[in-house]
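Report on the structure given below.
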Amino acid sequence: MSRPGRDDSPDRLYTLTGGRSGAGPDSPFDLVTLVVAECEPSSGMQSEHAAILRMTQAPTAVVEVAADLGLPVSITKILLSDLLATGRVSARHPRTSVIPDPDILEQVLVGLRNI
């Protein structure tokens, strides 16, 4: 059984990234970063970049983009960094819900026990 991205020719992955092996130390991308396209694909654009722009019309997690492309996450992050640098996508982390105060949770638990 083959795994997407794992069995690809190293030459292909090298070509996709222009020889880069990482997105850079200041990359905002992790597995759950949401990516949204800011424009439509244009002619002459690398096919993977165009595919990313098409699939991120709605907020899409980096891990979903990688899975849809069938590429390793590390390669996908490099491609996303290219698009971010040119303003073609925006990236944000999912909103984190506010964790309730532990004292309030304790009061709710006591109230439920008293019922």
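The values are calculated or read from the model by the stated rules, or taken from the named source; none is laboratory data. Bear in mind that the values here come from a model prediction, so they are computed numbers and not experimental data. No Cβ is skipped: glycine too gets one built from the backbone with ideal geometry, and neighbour counts run over all protein chains shown. Ligands, DNA and RNA are excluded from the accessible area calculation, which covers all protein heavy atoms including side chains. Shrake-Rupley method; radii C 1.70, N 1.55, O 1.52, S 1.80 Å.
With the requirement that a residue be assigned to a loop (DSSP other than H, G, I, E, B) and open to solvent by 90 Å² or more (accessible area, probe 1.4 Å), what does the stretch 87-115 give you?
Scanning the stretch 87-115 gives 93, 95, 96, 97, 98, 99, 115.
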Of the residues in the stretch 63-115, those that are of a type in the set (Asp, Glu) and over 13 Å from residue 35 (Cα atoms) come to 68, 101, 103, 106
Exception for residue 60 within (1) among the hydroxyl-bearing types (Ser, Thr, Tyr); (2) under 15 Å from residue 37 (Cα atoms); (3) at pLDDT below 90 falls at (3)
Which residue pairs have Cβ atoms under 8 Å apart, sit 6 or more places apart or on different chains, and have a first residue in the stretch 51-70 that is among the charged types (D, E, K, R) and a second that is assigned to a strand (DSSP E or B)? 54/37
Looking only at the stretch 25-50, which residues are in a loop (DSSP other than H, G, I, E, B) and touching a residue at least 12 places away in the same chain (Cβ under 8 Å)? 27, 28, 29, 30, 31, 32, 33, 38, 39, 40, 41, 46
From 30, 26, grab the single residue that is among the acidic types (Asp, Glu) and within 8 Å of the chain's Cα centre (by Cα). 30
